[in-house]
Amino acid sequence: MRRSSPRSSRRVDRGGRARPDSDDGAFRAGCRTFIEAGQRLDFVSGLAEDLREGRRGVPMETLKRFSVTMEDLAAGRESAGVRELVGDQVRAARAGLSASRELSALVPALGRALVEALVEIDSLTADAALRRGAGLLSGSAFPRSPGTPWVLARAFRRARAER
């Protein structure tokens with residue numbers, strides 16, 4: 001009787017490459033967490049752009065919970081409800097991003113630096129959205145200039161060192 005080795009249940013082969021036949025629930029859950037956090041962050045940080053284009057990225061139930069209407073948003077009313085809404089959405093996105101940090105351990109070694117950089121860049125965007133607050137009604141939030149290039153350069157150096 002042949003016993004399966006621990007390596008046979010892993011998502012990557014001995015060379016660190018992803019195995020296409022693997023089905024890893026933790027990896028899928030981690031990806032879903034990262035995608036949902038990024039999407040929530042995109043909706044709140046791009047509020048002004050979405051409003052100009054007639055889109056509503058934040059669910060109606062969430063708007064109601066903070067007593068905010070689409071008319072308030074379209075008119076650019078920087079009310080206490082809008083400030084609370086932005087804070088709530090950014091905190092929820094940050095929680096998802098924090099949980100997403102575990103995702104890098106679930107990808108092949110060659111992809112870890114990239115995954116970590118993506119999570120870090122979204123975290124910088126969350127910081128920018130929180131700083132902008134209700135001001136997101138008049139313009140989107142972006143990470144500060146030196147932040148993103150610095151994160152990418154660090155990831156590049158790390159990826160090269162791991163080859």
- Matching option when the condition is free of Cβ contacts under 8 Å to residues at least 60 places away in the same chain, assigned to a helix (DSSP H, G or I) and small (G, A, S), among A99, A155, A128: A155
- What tally of residues in the stretch 47-68 results from selecting those that are touching a helix residue (DSSP H, G or I) at 6+ places or on another chain (Cβ under 8 Å), outside any helix (DSSP H, G or I) and modelled with pLDDT under 90? 3
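Please go through the stretch 24-41 and pick out each residue that is more than 20 Å from S123 (Cβ to Cβ) and surrounded by 15 or more Cβ atoms within 10 Å (Cβ to Cβ). Step through it out loud before you land on a result.
So the first thing to find is which residues in the stretch 24-41 are more than 20 Å from S123 (Cβ to Cβ), and the list is 24-28.
Within the stretch 24-41, D24, F27 meet the criteria.
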- Task: Give the residues of the stretch 63-116 that are crowded, with 17+ Cβ neighbours inside 10 Å, closer than 21 Å to R154 by Cα and in contact with a Gly (Cβ under 7 Å, 6 or more places away or on another chain), sorted by residue number.
- Result: S100, L103, L106
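Quick one: which residue in A134, A128, A153 is among the aliphatic types (A, V, I, L, M) and under 30 Å from P108 (Cβ atoms)?
Residue meeting the stated conditions: A153.
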- Query: Would the stretch 136-143 turn up any residue that is among the polar types (S, T, N, Q) and in a helix (DSSP H, G or I)?
  - Reply: no
- Note on the structure: Scanning the stretch 31-46 for residues that are part of a helix (DSSP H, G or I) and either at positive phi or of a type in the set (G, A, S) (or both) gives A37, G38, S45
- Which residues, counting only those in the stretch 121-142, are under 13 Å from the mean Cα position of the chain (by Cα) and surrounded by 20 or more Cβ atoms within 10 Å (Cβ to Cβ)? D122, S123, T125, A126, A129
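The values are calculated or read from the model by the stated rules, or taken from the named source; none is laboratory data. Note that the coordinates shown come from a computational prediction; the quantities given were computed from them, not determined experimentally. As a convention, Cβ positions derive from the backbone with ideal geometry for all residues, glycine included, and neighbour counts pool all protein chains shown.
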